[in-house]
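The values are calculated or read from the model by the stated rules, or taken from the named source; none is laboratory data. As the structure is a prediction and not an experimental result, all values here were calculated from the model. Positions of Cβ are backbone-derived with ideal geometry, glycine not excepted, and every protein chain shown enters the neighbour counts. With ligands, DNA and RNA removed, areas are computed over all heavy atoms of the protein, side chains included. Shrake-Rupley method; radii C 1.70, N 1.55, O 1.52, S 1.80 Å.
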Amino acid sequence: MVEILPSILAADFARLGEQIASVERAGVSMLHIDVMDGHFVPNISLGPPVIRSIRSICRLTFDVHLMITDPDRYIATFVESGADQISVHQEVCPHLDRTLRLIKAEGALAGVVINPSTPVSTLDEVLELADYVLVMSVNPGFGAQRFIPRTMRKLMELDQRRRERGLSFKLEMDGGLGPDNVADVVRAGCDWVVAGSSIFQSDDPETTVKKMQQLAREATAIRA
Ligand code: DX5
Ligand code: ZN
């Protein structure tokens, strides 16, 4: 089943609990949490204390997207603070095999992320190990950017490799997604659709999520 993952980066942090409750009412099961360090990406967002706080008010699966250099140092802390799954960028992991094993050893699902300029082939040796692959459809660091259409073919490439090699990793996409393009990315093979500004900057986040879920369901039917 395709999931819509609201990205809290676009939420009003002064009303974070309320905003999360609004997407929970729409029936989401996963929440996307962006961690930025001001080094790997030119922005700083939030860290373990915020994750710990929201962990105490909701039971959704926390999908933590680490946009930080040297993620190995912080993986245990993020799991302890409430992350259920953690993704790391291929671009900052010289020992990607080790990093993915480390995430799993800590008891979380392990994901690997590629930037728009990073080819799918860089993941060939770790696809057996990854629980999910996140294809960035904008350059990471900021919400509300425009979707980069060229990244869509990477979903198709990864979907093809998944079938050919009999693997079951999930495909996630992040950046510039909303009601206008959710169907396209689902048809291209996306299982987990991340959306920040299109949900939290809309008049009614709950209704927007429901609309995206419906569009995703219809697109899945065509895909099958
Ligand atoms: C960007 C983040 C995204 C961001 C997406 O670096 O990884 O998760 O929240 O925001 P939108 O959906 O507004 O492009
Ligand atoms: Zn993200």
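Does His32 count as farther than 19 Å from Gln145 by Cβ and not in a helix (DSSP H, G or I)? Working first, answer last.
Working: farther than 19 Å from Gln145 by Cβ: no; not in a helix (DSSP H, G or I): yes.
No; evaluated as a whole, the condition is false for this residue.
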Inset, instruction - Examine segment 189-198 for a residue that is free of Cβ contacts under 8 Å to residues at least 40 places away in the same chain and touching an Asp or Glu at 6+ places or on another chain (Cβ under 7 Å), and state whether such a residue exists. - result: yes
Inset, instruction - Tell me, yes or no, whether segment 55-63 has at least one residue that is under 25 Å from Thr208 (Cα atoms), in a strand (DSSP E or B) and open to solvent by less than 30 Å² (accessible area, probe 1.4 Å). - result: yes
Inset, instruction - Among the residues of segment 124-142, write down those that are within 11 Å of ligand 2 (Cβ to nearest atom), touching a strand residue (DSSP E or B) at 6+ places or on another chain (Cβ under 7 Å) and in a loop (DSSP other than H, G, I, E, B). - result: Ser137, Pro140, Gly141
Legend entry - Unmet criterion (only one of (1) away from ligand 2 (no atom under 16 Å from the Cβ); (2) crowded, with 18+ Cβ neighbours inside 10 Å; (3) within 21 Å of Met67 (Cα to Cα)) for Val193: (1)
Inset, instruction - Could you check how many residues of segment 1-43 are within 14 Å of ligand 2 (Cβ to nearest atom) and open to solvent by 40 Å² or more (accessible area, probe 1.4 Å)? - result: 3
Inset, instruction - Tally the residues that are hydroxyl-bearing (Ser, Thr, Tyr) and outside any helix (DSSP H, G or I), restricting the search to segment 64-100. - result: 2
Inset, instruction - Please identify the pairs in which a residue from segment 32-44 that is free of Cβ contacts under 8 Å to residues at least 12 places away in the same chain has its Cβ atom under 7 Å from the Cβ atom of a residue that is near ligand 1 (Cβ under 8 Å from one of its atoms), counting only partners at least 6 apart or on another chain. - result: Ile44/Met36
Inset, instruction - Scan segment 44-54 for residues that are within 16 Å of ligand 2 (Cβ to nearest atom) and part of a helix (DSSP H, G or I) and jot them down. - result: Val50, Ile51, Ile54
Inset, instruction - For residues that are buried (at least 19 other Cβ atoms within 10 Å of the Cβ) and away from ligand 2 (no atom under 16 Å from the Cβ), scanning just segment 156-180, find the one that is nearest to Asp63 (Cα to Cα). - result: Phe169
